[in-house]
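The values are calculated or read from the model by the stated rules, or taken from the named source; none is laboratory data. Treat the numbers as computed from the prediction; the structure is a model and nothing was measured. Backbone-built Cβ (ideal geometry, glycine too); neighbour counts: all protein chains shown.
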Amino acid sequence: MKTVLILTASFADRYAVAARNLSDALEAKCAEAKVEVADLFQPASGSFKSVAQKAYSGLMRIAPTWWAGINGSVDRQTLGESGCFRVSRLQRALGHVLQEAQPDLVVSTYPAYAMLIHDLYQDHAERPFRLISVVTDSGTIQPGWLAGASDWFSVSSEAVAEQLRAQSIPEDRIKVHGFPVSVLSSELRKESCPAPQSDGPYRILFHVESGSKKVAKSLKRLLDREENHVTVVVDCNAYLKADLAKKLKQYGERVQVLGWTNRMPQLLRSHHLVIGKAGSAVAEEAIAAGCPMIANQRVNDQEYVHTLINNAEIGAVACKPRQLAESVRYAFKHNAKVWKCWRSNLAQISRPNASLDIAQALLDECEIANSSHAVPEQRTAEHILANPAVQRGMTHHLLCDFHIHTNYSDGKLSVADVVDFYGVRHFDCICITDHLADSRRLIGKLGRLSRLTLSPNQLEEYFDVIDRQRRRAWRKYNMLVMTGLEFNKDGLTKKSSAHLLGIDLTAPIVDCLDLPETIAQIHAQGGLAVASHPHIMKSEWGKDTLYLWENQERFDPLIDAWEIANRNNMFNPVSAKRLPYLANSDFHKPKHIYSWKTLVSCEKEPEAIKECIRKNERIAITLYREADSAAAQLAAAVSPASASNVVPPRARGASPMLPAA
């Protein structure tokens with residue numbers, strides 16, 4: 001097995017998105033490759049990262065010229081002498097990561113790492129790995145890329161390659177692959193939106209990265225023309241999404257406001273035109289998708305804007321609302337003559353296979369022998385799920401968490417990040433259960449408006465994304481990933497509110513069913529219906545949801561299990577009534593991992609796990625602490641005791657278990 005370490009930074013979406021796409025492509029190309037993604041600016045810089053991100057966004061929005069000067073000065077002297085990047089802490093963190101990972105290949109998507117690696121090894125013997133720089137700049141490249149000693153460079157275009165040649169980089173160290181876009185771009189490369197009719201409708205995708213007073217004004221100008229139909233994507237800004245949804249409500253079905261989405265490649269192929277920030281990762285995805293772009297926000301690199309958009313004639317630049325509306329009208333007039341020209345030109349430079357091409361070059365660098373490192377058939381997700389007998393008779397103590405939220409609702413991490421977060425901690429089974437609010441209730445409407453819950457029109461996407469990550473989780477971590485939902489039936493009081501987990505679902509369930517109907521739908525799919533935090537929450541802030549508990553005589557025959565512990569709360573009454581139980585994190589952010597979990601003693605197979613829960617057999621709970629594994633948790637078990645006698649430990653290191661009665 002070869003190990004690839006990808007180094008990135010979250011200052012701009014280009015760096016982090018490129019790293020994630022490369023990781024996905026490497027794993028798609030070679031299942032046995034071990035790929036790790038590290039953002040050293042986050043742990044090494046402490047609060048500096050968040051401050052730098054805000055400063056970056058602000059400067060890019062209000063003072064791109066200033067940022068150009070700052071950005072261009074990121075070289076060894078800036079890093080080493082100014083102290084603004086806390087280079088010594090970064091070097092120590094980098095040295096630790098390299099020592100722990102022992103990589104065969106290091107890939108950098110951010111320019112600072114090349115010089116940091118150079119400085120780490122300049123007084124030592126030859127470094128024990130190859131260093132590849134994936135240059136994520138599309139205009140003028142930053143000096144940092146050249147300050148280190150990369151073995152070769154992967155660049156997005158011939159224009160960038162020319163800049164490297166001008167710096168005396170040998171031709172054999174330059175490879176033109178394109179920007180590493182989503183692997184979905186390759187799968188969808190033959191799909192594209194048909195040319196619009198002369199009278200419309202014109203499907204326009206409007207991507208918003210940050211709040212701006214211009215956004216609503218620009219959207220209203222676009223929607224003043226009946227032929228324009230607009231889909232707005234607001235990245236992780238619940239307040240802006242709610243504000244735009246309210247302001248644009250008058251336009252009815254001609255406008256749709258979405259929150260964060262993982263389906264940008266599909267959206268770009270179903271729209272005629274995208275409006276967004278030039279130089280962003282979305283701009284690169286648009287080029288790969290052959291979707292013409294109008295840049296409504298300039299980037300620091302004006303050369304990128306003029307060369308790639310104006311000179312290549314693949315779109316336009318229009319920063320003011322009036323100019324933007326006029327540019328859209330101009331693109332589609334005369335039977336979309338200009339738009340057709342833009343799309344034709346895009347076909348000449350589009351590289352939808354870029355991530356896979358880079359991944360193959362990296363794998364060739366690692367010299368992985370596919371035949372000698374083939375993954376056994378039983379390790380594939382499809383085989384284990386379709387053939388339960390594979391591990392039948394092999395009993396394991398499985399560390400599980402069946403209550404996890406992602407940024408599809410009010411969680412902090414993406415689905416992929418959650419998989420990696422739990423995978424490296426050696427969990428055996430997890431279930432992702434984002435909120436789905438009952439749209440008939442007031443609180444449900446407010447929650448959906450502010451993007452605190454899943455939107456019904458994102459359910460298909462949600463199931464598709466988790467299914468993709470399920471396969472990756474099994475391949476990379478030997479971890480089962482189930483798809484679930486937390487059905488929010490919130491009333492105005494705690495006794496009228498209920499949260500219900502649907503675990504291991506195979507298809508979406510509508511939000512507006514009554515609880516018995518929802519439970520019936522869950523069971524029809526072979527899933528588990530679990531009462532979520534059914535008792536009073538004491539150690540955590542949160543809305544109490546007591547409806548199921550207050551009506552347990554009615555629901556006990558229908559519910560498969562009750563949460564006896566949720567995060568740091570222990571609900572002893574569940575044990576006192578000898579109800580079947582689970583313990584979960586109710587995970588929203590990384591620190592929530594330190595909480596109650598479930599241990600199941602059975603084969604690592606979904607049906608076996610669910611059967612143990614239904615029968616309330618071979619189930620225990622444990623208080624998770626870092627570096628724990630299922631075996632370590634089991635070794636720390638206390639003597640069997642009734643649930644009513646177990647008290648949550650106060651000491652951080654204690655990990656008692658609660659066996660099933």
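Determine whether G484 is small (G, A, S), modelled with pLDDT of 90 or more and surrounded by 21 or more Cβ atoms within 10 Å (Cβ to Cβ). Considered against the rule, which asks whether it is small (G, A, S), modelled with pLDDT of 90 or more and surrounded by 21 or more Cβ atoms within 10 Å (Cβ to Cβ), G484 comes out as yes.
Among the residues of segment 395-406, are any among the polar types (S, T, N, Q) and either more than 30 Å from I287 (Cβ to Cβ) or at pLDDT below 90 (or both)? Please lay out each step first, then the result.
Start the filter on segment 395-406 by keeping residues that are among the polar types (S, T, N, Q), which leaves 395, 406.
Imposing the further condition that a residue be either more than 30 Å from I287 (Cβ to Cβ) or at pLDDT below 90 (or both) reduces the set to 395.
Yes, some residue in segment 395-406 is among the polar types (S, T, N, Q) and either more than 30 Å from I287 (Cβ to Cβ) or at pLDDT below 90 (or both).
Residue under question is G178, and the condition is that it be at positive phi and touching a Ser or Thr at 6+ places or on another chain (Cβ under 6 Å); does it hold? The answer is yes for G178. Of all residues in segment 574-597, those that are over 23 Å from I609 (Cβ atoms) and touching a helix residue (DSSP H, G or I) at 6+ places or on another chain (Cβ under 8 Å) total 3. Entry remark, segment 256-281: residues being farther than 16 Å from A318 by Cβ, of a type in the set (V, I, T) and crowded, with 24+ Cβ neighbours inside 10 Å number 1 in total.
Which residue is surrounded by the most Cβ atoms within 10 Å (Cβ to Cβ), if the candidates are limited to segment 95-114 and must be among the hydrophobic types (A, V, I, L, M, F, W, C) and in a helix (DSSP H, G or I)?
Start the filter on segment 95-114 by keeping residues that are among the hydrophobic types (A, V, I, L, M, F, W, C), which leaves 97-98, 101, 105-107, 112, 114.
Subsequent filtering for residues that are in a helix (DSSP H, G or I) retains 97-98, 101, 112, 114.
Numbers: V97: 18, L98: 20, A101: 16, A112: 27, A114: 23.
Within segment 95-114, the match that is surrounded by the most Cβ atoms within 10 Å (Cβ to Cβ) is A112.
Based on what the data block shows, is E517 surrounded by fewer than 14 Cβ atoms within 10 Å (Cβ to Cβ), modelled with pLDDT under 90 and in the same structural domain as E461 (by TED's automatic domain parsing)? Reasoning before the result, please.
On the way: surrounded by fewer than 14 Cβ atoms within 10 Å (Cβ to Cβ): yes; modelled with pLDDT under 90: no; in the same structural domain as E461 (by TED's automatic domain parsing): yes.
Considered against the rule, which asks whether it is surrounded by fewer than 14 Cβ atoms within 10 Å (Cβ to Cβ), modelled with pLDDT under 90 and in the same structural domain as E461 (by TED's automatic domain parsing), E517 comes out as no.
Of all residues in segment 566-594, those that are within 22 Å of G484 (Cβ to Cβ) have Cβ atoms under 6 Å from Cβ atoms of residues that are at pLDDT 90 or above and part of a helix (DSSP H, G or I), 6 or more apart or on another chain, in S585/H592.
Given the residues I522, I503, which is the only one that is in contact with a Phe, Trp or Tyr (Cβ under 6 Å, 6 or more places away or on another chain), closer than 20 Å to E611 by Cβ and assigned by TED's automatic domain parsing to the domain that holds D410? Write out each step before concluding.
Numbers: I522 fails: in contact with a Phe, Trp or Tyr (Cβ under 6 Å, 6 or more places away or on another chain).
Selected residue: I503, the only one of I522, I503 that is in contact with a Phe, Trp or Tyr (Cβ under 6 Å, 6 or more places away or on another chain), closer than 20 Å to E611 by Cβ and assigned by TED's automatic domain parsing to the domain that holds D410.
If the condition is being within 17 Å of K320 (Cβ to Cβ) and of a type in the set (F, W, Y), then segment 196-238 contributes only F206. Of all residues in segment 419-431, those that are in contact (Cβ under 8 Å) with a residue 40 or more places away in the chain have Cβ atoms under 8 Å from Cβ atoms of residues that are crowded, with 17+ Cβ neighbours inside 10 Å and of a type in the set (S, T, N, Q), 6 or more apart or on another chain, in V419/Q469; C431/T483.
Of everything in segment 115-132, what is assigned to a helix (DSSP H, G or I) and crowded, with 19+ Cβ neighbours inside 10 Å? Give them in sequence order. It would help to see each step written out before you state the result.
First, pick out the residues of segment 115-132 that are assigned to a helix (DSSP H, G or I): 115-121.
M115, L116, I117 - these are the residues of segment 115-132 that are assigned to a helix (DSSP H, G or I) and crowded, with 19+ Cβ neighbours inside 10 Å.
Considering the conditions (1) more than 26 Å from the chain's Cα centre (by Cα); (2) part of a loop (DSSP other than H, G, I, E, B); (3) at pLDDT 95 or above, L505 is excluded by exactly one of them, (1).
Could you list all residues from segment 205-221 that are over 20 Å from K249 (Cβ atoms) and in a loop (DSSP other than H, G, I, E, B)? Quick ask: steps written out before the conclusion?
As a first pass, look at segment 205-221 and keep what is over 20 Å from K249 (Cβ atoms): 207, 209-210.
Residues satisfying the conditions are E209, S210.
Please work out which residue is nearest to R20 (Cα to Cα), limiting yourself to segment 171-204 and to residues that are without any contact (Cβ under 8 Å) to a residue 60 or more places away in the chain and assigned to a loop (DSSP other than H, G, I, E, B). Don't jump to the end; show me each part of the working.
The first filter runs over segment 171-204 and keeps only residues without any contact (Cβ under 8 Å) to a residue 60 or more places away in the chain, leaving 171-174, 176, 187, 190, 194, 197, 199, 201.
After this cut, where a residue has to be assigned to a loop (DSSP other than H, G, I, E, B) as well, the list is 190, 194, 197, 199, 201.
Values: K190: 23, P194: 30, Q197: 37, D199: 40, P201: 35 Å.
Filtering segment 171-204 for residues that are without any contact (Cβ under 8 Å) to a residue 60 or more places away in the chain and assigned to a loop (DSSP other than H, G, I, E, B), the one nearest to R20 (Cα to Cα) comes out as K190.
Inspect all residues belonging to segment 199-214 and state whether any of them is crowded, with 16+ Cβ neighbours inside 10 Å, among the hydrophobic types (A, V, I, L, M, F, W, C) and out of contact with any strand residue (DSSP E or B) (no Cβ under 6 Å at 6 or more places or on another chain). No, every residue in segment 199-214 fails to be crowded, with 16+ Cβ neighbours inside 10 Å, among the hydrophobic types (A, V, I, L, M, F, W, C) and out of contact with any strand residue (DSSP E or B) (no Cβ under 6 Å at 6 or more places or on another chain).
Taking A161 as the residue in question, decide whether it is touching a strand residue (DSSP E or B) at 6+ places or on another chain (Cβ under 8 Å), within 24 Å of L26 (Cα to Cα) and surrounded by fewer than 17 Cβ atoms within 10 Å (Cβ to Cβ). Spell out how you get there, then give the answer.
Details: touching a strand residue (DSSP E or B) at 6+ places or on another chain (Cβ under 8 Å): yes; within 24 Å of L26 (Cα to Cα): yes; surrounded by fewer than 17 Cβ atoms within 10 Å (Cβ to Cβ): no.
For A161, the condition - touching a strand residue (DSSP E or B) at 6+ places or on another chain (Cβ under 8 Å), within 24 Å of L26 (Cα to Cα) and surrounded by fewer than 17 Cβ atoms within 10 Å (Cβ to Cβ) - is not met.
Regarding segment 626-646, can at least one residue be identified that is out of contact with any strand residue (DSSP E or B) (no Cβ under 6 Å at 6 or more places or on another chain), farther than 13 Å from D401 by Cβ and at pLDDT 50 or above? The answer is yes, given that some residue of segment 626-646 is out of contact with any strand residue (DSSP E or B) (no Cβ under 6 Å at 6 or more places or on another chain), farther than 13 Å from D401 by Cβ and at pLDDT 50 or above. Checked against the criterion of being modelled with pLDDT under 90, of a type outside the set (A, V, I, L, M, F, W, C) and in contact with a strand residue (DSSP E or B) (Cβ under 8 Å, 6 or more places away or on another chain), the candidates G144, G148 yield just one match: G148. The set of residues in segment 175-187 that are over 10 Å from I358 (Cβ atoms) and surrounded by 19 or more Cβ atoms within 10 Å (Cβ to Cβ) comprises V181, S182, V183, L184, S185, S186. Can you run down the residue pairs with Cβ atoms below 8 Å, 6 or more apart or on separate chains, where the first is in segment 316-344 and in the same structural domain as P201 (by TED's automatic domain parsing) and polar (S, T, N, Q) and the partner is surrounded by 19 or more Cβ atoms within 10 Å (Cβ to Cβ) and in a strand (DSSP E or B)? Matching pairs, first to second residue: S327/I294; S327/A316.
Among the residues of segment 135-164, count how many are assigned to a helix (DSSP H, G or I) and more than 17 Å from M115 (Cα to Cα). Don't jump to the end; show me each part of the working.
Keep residues of segment 135-164 that are assigned to a helix (DSSP H, G or I), which gives 144-147, 158-164.
In the following step, the residues that additionally are more than 17 Å from M115 (Cα to Cα) were identified as 158-163.
Residues in segment 135-164 being assigned to a helix (DSSP H, G or I) and more than 17 Å from M115 (Cα to Cα): 6 in total.
Whenever a residue of segment 221-239 is closer than 30 Å to N335 by Cα, its partners that are part of a loop (DSSP other than H, G, I, E, B) and not acidic (D, E), lying with C-beta atoms within less than 6 angstrom and at least six residues away or across chains, give the pairs E227/G200; E227/P201; H229/P201; V233/T261.
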